[in-house]
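A.B. asks: Sharing a structure here in structure tokens format.
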Amino acid sequence: MDHKTILVTQSSMPSIEEYFEEIRSIWETKWLTNMGSKHTLLQKELKEYLGVDYIELMVNGHMSIELGLQVCGFPSDAEIITTPFTFASTTHAIARNGLKPVFCDVEPETYTIDADKIAERITEKTVAIMPVHVYGNVCDVEKLEKIATANNLMLLYDAAHTFGETYKGRGIGSFGDMSFFSFHATKVFNTIEGGAVCFKEEKYKEKLYDIKNFGIRGPEIVDALGGNAKMNEFSAAMGICNLRHINDEIAKREKVVRRYDHNLSGVKGLRINKRQKDVRSNYAYYPVLFDKAEFGLSRDEIHEELVNNNIISRKYFYPLTSSFNCYKWEYDINETPIAKSVSNSVLSLPLYADLSLEDVDRICEVILNRK
Ligand SMILES: *Cc1c(COP(=O)(O)O)cnc(C)c1O
């Protein structure tokens, strides 16, 4: 039997009527961008939903990281300790600021930075730690806070995967000095393209505003050397609509995840993501690790078998950022052996709010070879 293609993700969208209703006023005001009423409202709503002290909306997640790093004002040869098990954006944002990424290995269970291996990488040039909450798995925020404080380092989280999550009841974006969110179309919450910097200290508010809007303070006043990274009104309107449904969307994702767990837990040679204590999850991704020796098939073979059945999974994250052509001359992936091994064996299975449980079963049947 021919099956329809199942993609790895599908963007969450409000009904077309709801979006029309939200953007109707834009035809009256003709105010399309430059911090209009949609931008103002979304920023206020997100500050509340995320439980953060300050937030500045941005054009996308990557520019949130890049500009967030920029306003910290680090010296140009400074080093940032981070991990190679992430999306290109994290490492690029560091390098594009003229800073040096120093790669630390990850924990085998959560795939987030191994806090115990950070100290040995600190030099006199280290200025910050940039961990990533991979797949929505929350980093060891308590240990990281201690290390950052003890060594006088800034703690800057790539929180692109953790929209809406809490740790011990506290919004995940409120940890560290800054947290960067992505509202890209493929993320749990989207504004089509978009992102935000969440931060603790008020002094960054003006700096971030300046840097996203040319440093313009008034019709004839330009105070800073800013660029342009503003979120437009149509994106903000999409965010306002999507935020109304976010809890339902996450609940639907949870159902999908539970079905996967039910079908795949306990299978020899397969490792699924563990639930974390004290974390309210957003069920962003469904990563599975394949151990060929035990399972019989490798990650790559499963990936291909799924393609043959019109199911698109993603080798996410593979390859490690430290092995990209633009970095590989400077780094050795064997220095982060756990990241290397996870990257070589992980497959992110299709997951989105409207993925049917029948489709989840079909995906699992292909994987378990019972099709
Ligand atoms: C999506 C993502 C980004 C970049 O966000 P964009 O909105 O696509 O620019 C950064 N880091 C991680 C871990 C991501 O998944």
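A.B. asks: Could you check, for segment 119-132, whether at least one of its residues is free of Cβ contacts under 8 Å to residues at least 24 places away in the same chain, of a type in the set (A, V, I, L, M) and either within 16 Å of the ligand (Cβ to nearest atom) or surrounded by fewer than 18 Cβ atoms within 10 Å (Cβ to Cβ) (or both)?
C.D. replies: no
A.B. asks: Further, regarding this structure: Could you check segment 200-254 and list, in sequence order, the residues that are farther than 23 Å from G171 by Cβ and among the polar types (S, T, N, Q)?
C.D. replies: Passing the criteria: N213, N228, N232.
A.B. asks: Among the residues of segment 6-26, which ones are closer than 17 Å to I240 by Cα and open to solvent by 90 Å² or more (accessible area, probe 1.4 Å)?
C.D. replies: M13, I16, E17, F20, E21, R24
A.B. asks: Quick check on segment 93-104. Is at least one of its residues in a helix (DSSP H, G or I), at pLDDT 95 or above, open to solvent by 10 Å² or more (accessible area, probe 1.4 Å) and within 16 Å of the ligand (Cβ to nearest atom)?
C.D. replies: Yes, the conditions are met somewhere in segment 93-104.
A.B. asks: Now a separate question. For segment 157-175, enumerate the residues that are in contact with a Gly (Cβ under 6 Å, 6 or more places away or on another chain) and assigned to a strand (DSSP E or B).
C.D. replies: Passing the criteria: Y157, G171.
A.B. asks: A follow-up question, please. Take Y318 and decide whether it is in contact (Cβ under 8 Å) with a residue 60 or more places away in the chain and at negative phi.
C.D. replies: So Y318 does not fit the description; no.
A.B. asks: Which one of the conditions (1) among the aliphatic types (A, V, I, L, M); (2) touching a strand residue (DSSP E or B) at 6+ places or on another chain (Cβ under 7 Å); (3) within 20 Å of N263 (Cα to Cα) does L357 fail to meet, given that it meets all the rest?
C.D. replies: (2)
A.B. asks: Would you confirm whether or not segment 37-51 contains a residue that is within 16 Å of the chain's Cα centre (by Cα), open to solvent by 80 Å² or more (accessible area, probe 1.4 Å), within 16 Å of the ligand (Cβ to nearest atom) and more than 19 Å from K207 (Cβ to Cβ)?
C.D. replies: no
A.B. asks: Still on this structure, please answer the following. Looking only at residues in segment 265-286 that are out of contact with any helix residue (DSSP H, G or I) (no Cβ under 8 Å at 6 or more places or on another chain) and of a type in the set (S, T, N, Q), which one is surrounded by the most Cβ atoms within 10 Å (Cβ to Cβ)?
C.D. replies: Filtering segment 265-286 for residues that are out of contact with any helix residue (DSSP H, G or I) (no Cβ under 8 Å at 6 or more places or on another chain) and of a type in the set (S, T, N, Q), the one surrounded by the most Cβ atoms within 10 Å (Cβ to Cβ) comes out as Q276.
A.B. asks: Turning to a different aspect of this structure: Which residues, taken from segment 67-83, are of a type outside the set (G, A, S) and either away from the ligand (no atom under 12 Å from the Cβ) or surrounded by fewer than 23 Cβ atoms within 10 Å (Cβ to Cβ) (or both)?
C.D. replies: If the condition is that a residue be of a type outside the set (G, A, S) and either away from the ligand (no atom under 12 Å from the Cβ) or surrounded by fewer than 23 Cβ atoms within 10 Å (Cβ to Cβ) (or both), then L69, Q70, V71, C72, F74, P75, D77, E79, I80, I81 are the ones that fit.
A.B. asks: Give me a count of the residues in segment 34-81 that are acidic (D, E) and either without any contact (Cβ under 8 Å) to a residue 12 or more places away in the chain or in a helix (DSSP H, G or I) (or both).
C.D. replies: 3
A.B. asks: Continuing with this model, one more query. Condition first: out of contact with any helix residue (DSSP H, G or I) (no Cβ under 6 Å at 6 or more places or on another chain), over 19 Å from E358 (Cα atoms) and not in a helix (DSSP H, G or I). Can you find one or more residues in segment 246-264 that meet it?
C.D. replies: Checked against the condition, which is being out of contact with any helix residue (DSSP H, G or I) (no Cβ under 6 Å at 6 or more places or on another chain), over 19 Å from E358 (Cα atoms) and not in a helix (DSSP H, G or I), segment 246-264 yields no hits at all.
A.B. asks: Go through K168, K187, K143 for me and flag whichever is under 26 Å from F74 (Cβ atoms) and of a type outside the set (S, T, N, Q).
C.D. replies: Exactly one residue qualifies, and that residue is K143.
A.B. asks: So T112 passes all but one of these: (1) within 16 Å of the ligand (Cβ to nearest atom); (2) open to solvent by less than 10 Å² (accessible area, probe 1.4 Å); (3) under 26 Å from K207 (Cα atoms). Which condition number does it fail?
C.D. replies: (3)
A.B. asks: Okay, moving on. Within segment 133-158, can you find the residues that are acidic (D, E) and within 16 Å of the ligand (Cβ to nearest atom)?
C.D. replies: Result: D158, single match.
A.B. asks: Moving to a separate point now. Before we move on, is S298 within 22 Å of E109 (Cα to Cα) and buried (at least 19 other Cβ atoms within 10 Å of the Cβ)?
C.D. replies: It is false that S298 is within 22 Å of E109 (Cα to Cα) and buried (at least 19 other Cβ atoms within 10 Å of the Cβ).
A.B. asks: What tally of residues in segment 161-210 results from selecting those that are within 16 Å of the ligand (Cβ to nearest atom) and open to solvent by 20 Å² or more (accessible area, probe 1.4 Å)?
C.D. replies: Looking only at that region, the number is 6.
A.B. asks: If I filter segment 141-161 for residues that are at positive phi and in contact (Cβ under 8 Å) with a residue 60 or more places away in the chain, do I get at least one hit?
C.D. replies: No: zero hits.
A.B. asks: Any idea which of L289, L306, L349, L355 is within 16 Å of E107 (Cα to Cα) and buried (at least 17 other Cβ atoms within 10 Å of the Cβ)?
C.D. replies: Exactly one residue qualifies, and that residue is L289.
The values are calculated or read from the model by the stated rules, or taken from the named source; none is laboratory data. Everything numeric here is computed off the predicted structure, so don't read it as measured data. All Cβ positions, glycine included, derive from the backbone under ideal geometry; neighbour counts span all protein chains shown. Areas reflect the complete protein model, heavy atoms only, side chains present, ligands, DNA and RNA absent. Shrake-Rupley method; radii C 1.70, N 1.55, O 1.52, S 1.80 Å.
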